[in-house]
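Notes follow once the structure below has been shown.
The values are calculated or read from the model by the stated rules, or taken from the named source; none is laboratory data. Quantities reported herein were computed from a predicted structural model and do not represent experimental measurements. A quick note on method: Cβ atoms are made from the backbone with ideal geometry, for glycine too, and the neighbour counts reach across all protein chains shown.
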Amino acid sequence: MTGRILGISGPTVTVDLTGLKLYDMVRVGEAGLIGEVVRLERDRAVVQVYQDTRGLAVNEPARGMDAPLTVQLGPGLLSGMFDGLQRPLERIREESGPFISGGRELFPLDRDRSWRFIPAKREGEEVAPGEILGHVEEGPFRHPIFARHAGRLARLADGACTLGEALGAMADGREISAVESWPVRKARPYRKKLSPSAPLVTGQRVIDFLFPLARGGTAIFPGGFGTGKTILEQAIAKFVDVDLVVYVGCGERGNEMAELLEEFVSLADPWSGQPLMQRTIVVVNTSNMPVAAREASIYTAVTMAEYYRDMGFHVLLLADSISRWAEALREISSSLEEMPGEEGYPTYLSSRLAGFFERAGVVETLGGQIGSLSMILSVSPPGGDFTEPVTQACLRTAGAFYMLDTSLAHRRHFPAINWFQSYSLYEREMVGHFSERVAPGWGELHRRCRELLQREETLREVAEIVGVEGLQDADRLLMKVAERVRQEFLSQNAYTEDAFSPPEQTLERIAGIVELFDRAEARLKEGALLDEVLKES
Amino acid sequence: MRLSEHIYRTISSIRGPLLFADGILAVRIGEVVRIAYPDGTVSDGEVLKIDGGTVLIQVFGETRGLDLATPLVFTDAVKKAPLSAEIIGRVFNGSFLPLDGAPMFVPERWGPVTGMPLNPTARARPEEFIETGFSAIDGLNTLVKGQKLPIFSSAGLPAREMAAGILRNSRLAGGGEFAVVFVALGLTHHDYSFYMQVLAEMKSGFVAFINRAGEPVVERLLAPRFGLAVAEYLAFTRGMDVLVLVTDMTNYCDALREVSTAREELPGRRGYPGYMYSDLASIYERAGRIKGMAGSVTMLPVVTMPEDDITHPIPDLTGYITEGQIVLSRELHQREVFPPVDVLPSLSRLMQRGIGAGHTREDHRRVANLLYKHYAKGRDLRRLEAIVGRDGMIESDRLMLDFAEAFERELVNQGGARRDIDETLDTGIALLRRFSLETS
């Protein structure tokens, strides 16, 4: 299927190809830029191009690829860094220098790298789709290779193999490959979905204690600029208790990504002691990289995350930030001259977002294992205004909402999660879980802590009018204690040892403060003066 | 590649800075179109959109005086910037034509104007300290090489004097070869002569791109990109540390809005186009360092916040892309504090890596945190003071009020003097000591 370019407007190119399917991949121009069909008409098709169209001319050739946008899934994705189209950034750098020019095609996985394949089946055996043929060792993980067709095995490798060659063959002649292609916009199948029941420990006290998150759950944290979204995302990526992390830098800063990449290479995972990068896949499409690839980047990332989920791993997808994705959607929509919805965003924004969130969850895989895919997404509302469409669309589907507060950030209280506005729909179940697993007092302390903060807020309003001096001793004590809760418990410095707090330590800390409060309150009741009590504590 | 230039006289309509032409063959997106005016002058344009034979061209010069018979020359080339080491010391207009009377230099090579995105894996982490000589920046919102740190100003505030101070006083750790690229967008003659004098007095080399208030608006979209193409060349080919000062980005965004409206695009917030974030990013993200290469591009854009509103789309989107911001305060300016930097909303995201032993001084982080914490407390208490009055406050709170006042008067305020990092930190320590806050 070849044709010609008829028109070009920004990232959208009109071609005269016929016989295409919607969302098929198309290569346009002499440079062979990749694009996706977003609109079909009888004699022409509109293609959204993923690379810079500068220099593209009309009448240059266009070629239909007869397949939708796909990612390559196989051993070697871990510790990889890809752009929004799954092009390997390290190898692009090695081959074409520090700047990314369009065009050049590279296979995302390393075809020449040698892997050790340990077969679990033998030649001559009958296999069914989804059965494990064997596995390769990918860093600390056993990466299973599944059978894709039913039939009898004619040949299967044992020992060293590369992705460039077939792993074996079926009796009917079909080759067995360790690499699988999957269309990014289609969720990967599973046997059934389960409801989230185990907590996702992030190591951030305010999240784990006040607004706990579940494995397989979804969370968003919206915040204006300077509220610490990126630092919080990165702290979670470093310390979270999962097997694998897929980090998407979606339309964000290049320097921050450089910092993240450098840190991930040098740091160790606190749970396993292995280098952090070994459990991480990074997808990065910085703000100055093409907009359409930014739109695709979250789908590329979630497909890779699902691939590992299907092996029975617990995977966390972190995206920074989903607003940039929504803006990319808006830019594309407006270049297609679609009727805009609220603030220029297309009307399908919320359904697309909901569809994306739905790819999270705990599943029983086709192989009968339990895997989970959790999502934590940051949102960058313009002007820090949470009534804007992206935040609101996210709120309808996300399971937890961590509101980042500008005034907390100005006071250098980080993570700047507002404890009155934030919520977690997993709270009750997870608090129950922590009470069972960590300490029975967890639930009670959780209640006390919230009450303390609530009462402080009320008192603060009074104090603004009458001054702190005008408050009763018991109230002033409460304010002092609440201040400690805020400064010593809720805030956490991402640059020190304290950046990571396991649940036991979290509990110990809040228990200490609450205990101190009870003691001091008792002393006050006995008639002691506030200043004395405070000095003692 | 075409063998000759194609000339058409088929303009079908002219709308603001845009031309529509019909029946054009084999045209490229981004292709440079030369427009010969009836009065003999020549201006450049760029192809924005192609639909069959109909082409939309954005003109970088004035469209006044054009008629439908004006010839259009399609050059088959995408816009490139001429580059050479001889560029240092030169002054150009927004179309890269010399303004200083000297002839155009012979280019050593041509570079793409829009630049190409830097591969994130090739970026080196910015961590080398730049001493600006201002305590409010060096001490509390430290600038590092390869960072982009905008100055958020408001009408009537001395952003100009501050930018000039930074140009005059900046010193680099490690002391590589240093150059300034100055890009002026929509500058009044008054500001222009001020800046030119500052540049003339500077010891380090500079390159200037000047678009004045009366000059074509669309040129403002081009000038910063020329400036950055030159900066990238000087940094990554010549190994220099380049500081790019762009003033004023608000004029850039207004030019972007003007073109967008002429194209009848759907307006976003306050009429600015929906792609303004990506467009600004294509400018700001060109700051950085590259692994294994000498040189760096550091960017200091000046943004004037319309209506003093930090949530206005221009400062808002800028803040989302840049690595922090320096916010100027009208209140401090009225109290004659110079530079009037409000340190609470100001931020340098890359500061943590650029301070401490080996970069500035070992106690930098501790001193900065203490100063910040107590000043924030003092500022918080000012609201209380407004309600209950100073007499209604306890002694320790009154002390914090005094500290905040002294902090602004003695640390932030420094008049025209330059302070090195030791002086800045020592001033901070002396202040903390005087209020006995050194250890808390």
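Counting residues that are surrounded by fewer than 17 Cβ atoms within 10 Å (Cβ to Cβ), which strands (runs of 3 or more DSSP E) fully inside segment A:111-150 reach at least 3? Step through it out loud before you land on a result.
Numbers: elements: A:114-119, A:132-138, A:141-146.
Counting at least 3 such residues, we get A:114-119.
Quickly run through segment A:494-531 and pick out the residues that are touching a residue at least 60 places away in the same chain (Cβ under 8 Å) and either surrounded by fewer than 12 Cβ atoms within 10 Å (Cβ to Cβ) or in contact with a His (Cβ under 9 Å, 6 or more places away or on another chain) (or both).
A:E504, A:I510 - these are the residues of segment A:494-531 that are touching a residue at least 60 places away in the same chain (Cβ under 8 Å) and either surrounded by fewer than 12 Cβ atoms within 10 Å (Cβ to Cβ) or in contact with a His (Cβ under 9 Å, 6 or more places away or on another chain) (or both).
Could you look through segment B:37-52, keep only residues that are at the interface with another protein chain (Cβ under 8 Å from one of its Cβ atoms) and surrounded by fewer than 17 Cβ atoms within 10 Å (Cβ to Cβ), and pick out the one that is modelled with the lowest pLDDT?
Here the answer is B:G52.
Take segment B:321-341 and flag every residue that is under 22 Å from A:K229 (Cα atoms) and in contact with a strand residue (DSSP E or B) (Cβ under 7 Å, 6 or more places away or on another chain). Write out each step before concluding.
Step one: list which residues in segment B:321-341 are under 22 Å from A:K229 (Cα atoms), which gives B:321-327.
Correct list: B:T322, B:E323, B:G324, B:Q325, B:I326, B:V327.
Is it the case that segment B:223-237 has a residue that's of a type in the set (S, T, N, Q) and touching a residue at least 60 places away in the same chain (Cβ under 8 Å)?
yes
Here are the criteria: (1) part of a strand (DSSP E or B); (2) in contact with a Gly (Cβ under 9 Å, 6 or more places away or on another chain); (3) away from chain A (no Cβ under 11 Å). Tell me which single one B:V367 does not satisfy.
Here B:V367 meets the rest and fails (1).
Restricting to segment B:315-343, give me the number of residues that are facing another protein chain (nearest Cβ under 10 Å), under 22 Å from A:S407 (Cβ atoms) and either at pLDDT below 90 or in a helix (DSSP H, G or I) (or both).
Number of matching residues: 6.
Quick one: is A:A187 more than 24 Å from A:H446 (Cβ to Cβ), crowded, with 20+ Cβ neighbours inside 10 Å and among the small types (G, A, S)?
Working: more than 24 Å from A:H446 (Cβ to Cβ): yes; crowded, with 20+ Cβ neighbours inside 10 Å: no; among the small types (G, A, S): yes.
When the stated conditions are applied, A:A187 does not pass them.
Does any residue in segment A:325-348 that is at the interface with chain B (Cβ under 10 Å from one of its Cβ atoms) and within 19 Å of A:I220 (Cβ to Cβ) come within less than 9 Å, Cβ to Cβ, of a residue that is of a type in the set (F, W, Y) and assigned to a helix (DSSP H, G or I) six or more places away or on a different chain, and which pairs are these?
A:E327/B:Y277
Exactly one condition in (1) surrounded by fewer than 22 Cβ atoms within 10 Å (Cβ to Cβ); (2) part of a helix (DSSP H, G or I) is not met by B:E265; state its number.
Going through (1) surrounded by fewer than 22 Cβ atoms within 10 Å (Cβ to Cβ); (2) part of a helix (DSSP H, G or I) one by one, B:E265 breaks only (2).
Residues to consider are B:A223, B:A287; find the one that is crowded, with 23+ Cβ neighbours inside 10 Å and within 10 Å of chain A (Cβ to nearest Cβ). Lay out the reasoning, then the answer.
On the way: B:A223 fails: within 10 Å of chain A (Cβ to nearest Cβ).
From the options B:A223, B:A287, the qualifying one is B:A287.
Are any residues in segment A:234-256 surrounded by fewer than 24 Cβ atoms within 10 Å (Cβ to Cβ) and not hydrophobic (A, V, I, L, M, F, W, C), and if so, which ones?
A:Q234, A:K238, A:D241, A:D243, A:E256
When segment B:300-314 is examined, which residues are found to be at pLDDT below 95, within 13 Å of chain A (Cβ to nearest Cβ) and within 18 Å of B:L344 (Cβ to Cβ)?
Result: B:D309, B:I310, B:T311.
If you go through segment B:248-262, how many residues are within 14 Å of chain A (Cβ to nearest Cβ) and either in a loop (DSSP other than H, G, I, E, B) or polar (S, T, N, Q) (or both)?
2
Within segment B:354-364, restricting attention to residues that are of a type outside the set (V, I, T) and surrounded by 20 or more Cβ atoms within 10 Å (Cβ to Cβ), which residue is nearest to the other protein chains (Cβ to nearest Cβ)?
Residue satisfying both the conditions and the ranking: B:G354.
Inside segment B:101-137, can you point out the residues that are in a loop (DSSP other than H, G, I, E, B) and away from every other protein chain (no Cβ under 14 Å)?
First pass over segment B:101-137, keeping only residues in a loop (DSSP other than H, G, I, E, B): B:101-108, B:113-117, B:119, B:125-128, B:132-134.
Once the filter is applied, which keeps residues that are in a loop (DSSP other than H, G, I, E, B) and away from every other protein chain (no Cβ under 14 Å), segment B:101-137 yields B:G101, B:A102, B:P103, B:M104, B:F105, B:V106, B:P107, B:E108, B:T132, B:G133, B:F134.
Would you tally the residues in segment A:57-79 being over 19 Å from A:R294 (Cβ atoms) and either of a type in the set (A, V, I, L, M) or not in a loop (DSSP other than H, G, I, E, B) (or both)? I'd like the intermediate steps shown before the answer.
Step one: list which residues in segment A:57-79 are over 19 Å from A:R294 (Cβ atoms), which gives A:57-67, A:72-79.
After this cut, where a residue has to be either of a type in the set (A, V, I, L, M) or not in a loop (DSSP other than H, G, I, E, B) (or both) as well, the list is A:57-58, A:61-67, A:72-73, A:77-78.
Residues in segment A:57-79 being over 19 Å from A:R294 (Cβ atoms) and either of a type in the set (A, V, I, L, M) or not in a loop (DSSP other than H, G, I, E, B) (or both): 13 in total.
Would segment A:102-110 turn up any residue that is buried (at least 16 other Cβ atoms within 10 Å of the Cβ), charged (D, E, K, R) and in contact with a strand residue (DSSP E or B) (Cβ under 7 Å, 6 or more places away or on another chain)?
no
If you check A:S287, A:S351, A:S297, which single one turns out to be part of a loop (DSSP other than H, G, I, E, B) and either free of Cβ contacts under 8 Å to residues at least 24 places away in the same chain or within 27 Å of B:P313 (Cα to Cα) (or both)?
A:S287
Identify, by number, the condition in (1) within 14 Å of chain B (Cβ to nearest Cβ); (2) more than 19 Å from A:C394 (Cα to Cα); (3) touching a residue at least 40 places away in the same chain (Cβ under 8 Å) that A:G223 doesn't meet.
(2)
Going residue by residue through segment B:383-397, is there one that turns out to be at pLDDT 90 or above and either surrounded by fewer than 24 Cβ atoms within 10 Å (Cβ to Cβ) or in the same structural domain as B:L243 (by TED's automatic domain parsing) (or both)?
Here is the first cut: in segment B:383-397, the residues at pLDDT 90 or above are none.
Within segment B:383-397 (the criterion being at pLDDT 90 or above and either surrounded by fewer than 24 Cβ atoms within 10 Å (Cβ to Cβ) or in the same structural domain as B:L243 (by TED's automatic domain parsing) (or both)), the answer is no, since none of the residues qualifies.
Looking at this structure, is A:F221 assigned by TED's automatic domain parsing to the domain that holds A:V379, over 14 Å from the mean Cα position of the chain (by Cα) and aromatic (F, W, Y)? Working first, answer last.
Values: assigned by TED's automatic domain parsing to the domain that holds A:V379: yes; over 14 Å from the mean Cα position of the chain (by Cα): no; aromatic (F, W, Y): yes.
Taking the combined requirement at face value, the residue does not satisfy it.
Scan segment A:307-337 residue by residue and report those that are part of a loop (DSSP other than H, G, I, E, B), surrounded by fewer than 24 Cβ atoms within 10 Å (Cβ to Cβ) and at negative phi. Outline the logic, then answer.
Step one: filter segment A:307-337 for residues part of a loop (DSSP other than H, G, I, E, B), giving A:310-313, A:321, A:336-337.
Next, from what is left, pick out any that are surrounded by fewer than 24 Cβ atoms within 10 Å (Cβ to Cβ): A:310-313, A:336-337.
Scanning segment A:307-337 gives A:D310, A:M311, A:F313, A:L336.
On the basis of being farther than 30 Å from B:F206 by Cα, touching a residue at least 40 places away in the same chain (Cβ under 8 Å) and either assigned by TED's automatic domain parsing to the domain that holds B:G239 or under 30 Å from the mean Cα position of the chain (by Cα) (or both), does B:L18 make the cut?
Working: farther than 30 Å from B:F206 by Cα: yes; touching a residue at least 40 places away in the same chain (Cβ under 8 Å): yes; either assigned by TED's automatic domain parsing to the domain that holds B:G239 or under 30 Å from the mean Cα position of the chain (by Cα) (or both): yes.
Spelling it out, B:L18 is indeed farther than 30 Å from B:F206 by Cα, touching a residue at least 40 places away in the same chain (Cβ under 8 Å) and either assigned by TED's automatic domain parsing to the domain that holds B:G239 or under 30 Å from the mean Cα position of the chain (by Cα) (or both).
Between B:R383, B:R379, B:R398, which is without any contact (Cβ under 8 Å) to a residue 60 or more places away in the chain, touching a strand residue (DSSP E or B) at 6+ places or on another chain (Cβ under 9 Å) and not aromatic (F, W, Y)? Before you say what the answer is, go through the steps one by one.
On the way: B:R383 fails: touching a strand residue (DSSP E or B) at 6+ places or on another chain (Cβ under 9 Å); B:R398 fails: touching a strand residue (DSSP E or B) at 6+ places or on another chain (Cβ under 9 Å).
Just a single option satisfies the conditions, and that option is B:R379.
Give just the number: which of (1) assigned to a loop (DSSP other than H, G, I, E, B); (2) at negative phi; (3) under 28 Å from the mean Cα position of the chain (by Cα) does B:L411 not satisfy?
(1)
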